[in-house]
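Participant: Quick one: the structure is below, questions incoming.
The values are calculated or read from the model by the stated rules, or taken from the named source; none is laboratory data. Small disclaimer: the values here were computed from a predicted structure and weren't measured. No Cβ is skipped: glycine too gets one built from the backbone with ideal geometry, and neighbour counts run over all protein chains shown.
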């Protein structure tokens with residue numbers, strides 16, 4: 001099992017394990033230089049929204065609906081358009097539309113859950129390579145995703161599926 005992961009040291013002296021060969025392994029490798037244009041879209045949804053859109057295509061219909069709702073609300077209220085917030089994207093896209101249903105679908109969704117765990121590992125380690133507004137981003141991820149994983153019944157499901165990731169979640173939420 002240890003051969004499936006490699007250890008990456010991120011800022012703050014924390015260690016994150018990433019699955020070998022995953023896109024997150026590449027993104028956190030020592031020689032990786034992020035291509036800003038690859039991780040940020042011309043019409044940006046913010047870092048979290050951009051990365052979800054670019055790397056997890058199943059997020060796109062949910063993001064699309066959030067954008068439609070935003071435009072409709074601005075039309076109805078005769079108000080300005082506002083960008084989607086990171087908390088809105090974390091809660092409604094990452095948690096409610098992706099991670100939570102995947103946990104609820106176990107064991108049939110185990111491969112997808114592995115992909116999402118790898119994605120979350122990447123997001124938690126991204127500060128070392130991409131120098132984004134990390135502490136705020138981690139607070140959003142913790143509040144809207146990790147705190148929910150750290151509760152029953154999801155904690156037991158995650159711990160059975162990926163004990164190392166579950167341990168990281170517990171460390172970050174306590």
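Participant: Read through the list (1) assigned to a helix (DSSP H, G or I); (2) at pLDDT below 85; (3) exposed (fewer than 11 other Cβ atoms within 10 Å of the Cβ), then give the number of the only condition that residue 68 fails.
Facilitator: All conditions pass for residue 68, except number (2).
Participant: Of everything in the stretch 143-164 that's under 13 Å from the mean Cα position of the chain (by Cα) and surrounded by 18 or more Cβ atoms within 10 Å (Cβ to Cβ), which residue is farthest from residue 4 (Cα to Cα)?
Facilitator: So the residue we want is 144.
Participant: Now for a different question. Looking at the stretch 18-65 only, could you name the residues that are within 18 Å of the chain's Cα centre (by Cα), over 23 Å from residue 168 (Cβ atoms), at pLDDT below 85 and not in a helix (DSSP H, G or I)?
Facilitator: 40, 41, 44
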